Amino acid sequence: MEVIYVMWLRQLKKTWRSKARIIGSLGQPLLFLLALGFGLGAIFEKAGKGNYLIFLVPGIIAMSILFTAMFAGIEIIWDRQFGFLKETLVAPIPRWKIMIGRTLGGATIASIQGIIVFVISLFLGFRPYSFPMLILSLIFMFLIAFMFTAFGTALASRMTDMQAFPLIMNFIVMPVFFLSGSLFPIKEVPRLIEIITLINPLSYGVDGLRATLSGASNFPVFFDLSILFIVSLALGLIGSYMFSKIEV
């Protein structure tokens, strides 16, 4: 546990020093909130669907966490190219502990990013329907963050090209985000899109956040929570295995 804690703390300090990166990553969620939340809000309301900002905020929080978590994996490629990873891996400690510590660190930063977006949404007029449910929403944020940090780490463990990683990540991240029900109701799309959305694990994170923040959801909260937990556990195990086989 001490090794995991040290790696977690190291990852936090390493990312937190780059304040420009944290601030810069807020630009896209803020743009979506302003452009879509207010730009399409009137159309959404005229269609009889209520306040679009209330519908949109949980999805944008999930988007912010997704992007930050996935791109945490690029640090593995960076450390490999500059020799820092080799110094870590030669230590007489299990590699899976290093991976879990790094993943927890990246997930913590991604969760903080989601909390910041939530705070920004309050200034734009969003109000959670139940403050006690905010605790459960934090659990959803962390599970989303852990799930995709582990996934990004697993992919980065098999890559050496730093330029290729962002391209592959965008190829994965954008469909995962747009087909998660973040921007539109799942039940009012063509059947094929609905099926793809139901396969997407982020859909259950968005649905869980929407249930805890706005009181509306497609599935029971604990069903969403169970799906996220199972997928997070599976990706954590896969990521640990792939990281243990990494070559430097």
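The values are calculated or read from the model by the stated rules, or taken from the named source; none is laboratory data. Note that the structure is predicted; figures quoted are calculated from it, not measured. Every residue, glycine among them, receives a Cβ derived from its backbone with ideal geometry; neighbour counts consider all protein chains shown.
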Out of region 180-210, which residues are touching a residue at least 60 places away in the same chain (Cβ under 8 Å), crowded, with 24+ Cβ neighbours inside 10 Å and not charged (D, E, K, R)?
SER180, GLY181, SER182, LEU202, GLY205, VAL206, GLY208, LEU209
Here are some residues: GLY101, GLY73, GLY114. Which one is assigned to a helix (DSSP H, G or I), modelled with pLDDT of 80 or more and crowded, with 20+ Cβ neighbours inside 10 Å?
GLY114
Can you name the condition, by its number, that LYS245 falls short on among (1) surrounded by 15 or more Cβ atoms within 10 Å (Cβ to Cβ); (2) touching a residue at least 40 places away in the same chain (Cβ under 8 Å)?
(1)
MET169: surrounded by 15 or more Cβ atoms within 10 Å (Cβ to Cβ), closer than 25 Å to ILE115 by Cβ, at pLDDT 90 or above and within 14 Å of the chain's Cα centre (by Cα), yes or no?
no
So for region 117-129 (the condition being under 16 Å from the mean Cα position of the chain (by Cα) and at pLDDT below 85), does at least one residue qualify?
no
Identify all residues within region 205-244 that are of a type in the set (Ser, Thr, Tyr) and either over 12 Å from ILE144 (Cβ atoms) or modelled with pLDDT of 95 or more (or both); write none if there are none.
THR212, SER214, SER217, SER226, SER240, TYR241, SER244
Which condition does ILE135 not pass, out of (1) more than 17 Å from VAL57 (Cβ to Cβ); (2) at pLDDT 85 or above; (3) surrounded by 13 or more Cβ atoms within 10 Å (Cβ to Cβ); (4) not aromatic (Phe, Trp, Tyr), if it passes all the others?
(3)
Consider GLY181 against the criteria (1) under 30 Å from ARG95 (Cβ atoms); (2) under 15 Å from the mean Cα position of the chain (by Cα): it satisfies all of them except one. Which criterion is unmet?
(1)
Selection over region 149-192 where residues are part of a helix (DSSP H, G or I) and under 23 Å from PHE55 (Cα atoms) yields a count of 11
Looking across region 138-166 at residues that are modelled with pLDDT under 80 and not aliphatic (A, V, I, L, M), the single one that is surrounded by the fewest Cβ atoms within 10 Å (Cβ to Cβ) is GLN163
Do we have any residue at all in region 36-54 that's modelled with pLDDT of 80 or more, assigned to a helix (DSSP H, G or I) and on the phi < 0 side of the Ramachandran plot?
yes
